[in-house]
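Each reported figure results from applying straightforward, stated rules to the coordinates on display, with no laboratory input. Please read these numbers as outputs of a predicted model, since none were measured by experiment. Neighbour counts run over all protein chains shown; Cβ positions are idealised from the backbone, glycine included.
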Amino acid sequence: MTPPLIFQALLGLLMTLAVPASLAAFVLAGMKLRNEGGVNYQAGGGFLKWLFWGSLLLTLPGVSAWLVQETVPGAAQLKLGGVSTPYTNGINKVAGDFVDDVLTSHLVPVIGAALVFKAILDQSQGTNPLGSIVTAMFLLGIQGIYKLATGNWLTGGAYSTTELLMNAFNYAAGTISPIVGGLAISAGILAFVQHKQWKSFVASGIGFLCVTGLWALVKSWTGVTI
């Protein structure tokens, strides 16, 4: 039995809105990252939760493919580009334009600028300014993260959500971590020259440079293949 057109149109609207909603979730993840310190995050905190929801919304067709494998009735209708009608096209356009033109193109840069200014205020109060700087860089890079996710990390298979998250981890471990490790070791050398505490910088730098190797070592110990 074919569902009524209005139900098909509403389902197509929700599936289409999943993409801009994922961008909004990534923005909220950045805000939660600052609440959790900026440099580090909590294992069960809001940063990881919003990253997960953003990845899930971005990979709903993959979830649909998994549900089809499990023979769930109606799962095949969960796909992008479904039935559209004039009364849903307007909502879809407004929501998409708000996320693309207002949220990511205008509000996020303002928030990033406010965080950079907050970093200066943190330094003037004698606290670590890195939390605000790292969060600002994350927020300003959301569009780049989205392009990477849709261009390189998104597979479209039944397990696309976990594959997207795993590809994001591999990018962080293989591309970002070596840069952070080099900066940390440079900070350690500078601290050593100035006769300040340098061991923590060097240890952190070595750890960042070895993220990929440590992950491979843990997988070998536990017998996990991903």
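Annotations
- Helix-derived mean residue ellipticity, 222 nm - over the chain, DSSP H n ≥ 4, -39500 (n - 2.57), to 500: -22000 deg cm²/dmol
- Magnitude of the charge dipole, the chain, Cβ model with Lys/Arg +1 and Asp/Glu -1, debye to 20: 400 debye
- Placing dummy labels 7 Å off each Cα toward the beta-carbon, the span from residue 113 to residue 183 is 2.2 nm.
- As a rough guide to protection, the peptides 52-62, 213-223 ranked by mean Cβ packing within 10 Å, highest first, stand as 52-62, 213-223.
- Annotation for the range 108-131 versus the range 147-226: alpha-carbon center distance of 25 Å.
- Among 136, 43, 173, the largest mean-square fluctuation in a Gaussian network model of the chain (Cα springs under 10 Å) belongs to 43.
- Using the Cβ-Cβ distance between residue 43 and residue 190 with R0 = 25 Å, the FRET efficiency computed as 1/(1 + (r/R0)^6) comes to roughly 0.20.
- Of 118/147; 32/147; 118/196, those spanning more than 24 Å from alpha-carbon to alpha-carbon: 118/147; 118/196
- Label-to-label distance, residue 105 versus residue 148, with points set 7 angstrom from Cα along the beta-carbon direction: 2.4 nm.
- Packing-based ranking, highest mean first, of 190-199, 96-105 given that Cβ atoms within 10 Å are counted: 96-105, 190-199
- Overall form of the chain per C-alpha gyration tensor (a/c, 1.5; a/b vs b/c): oblate
- The alpha carbons of the range 159-226 occupy a box of 50, 23, 12 Å along the principal axes, longest dimension given first.
- Relative contact order (%) - the chain, alpha-carbon pairs under 8 angstrom, separation at least six: 20 percent
- Full-stretch length increase - residue 121, residue 218 - with 0.36 nm per residue and alpha-carbon distance subtracted: 30.9 nm
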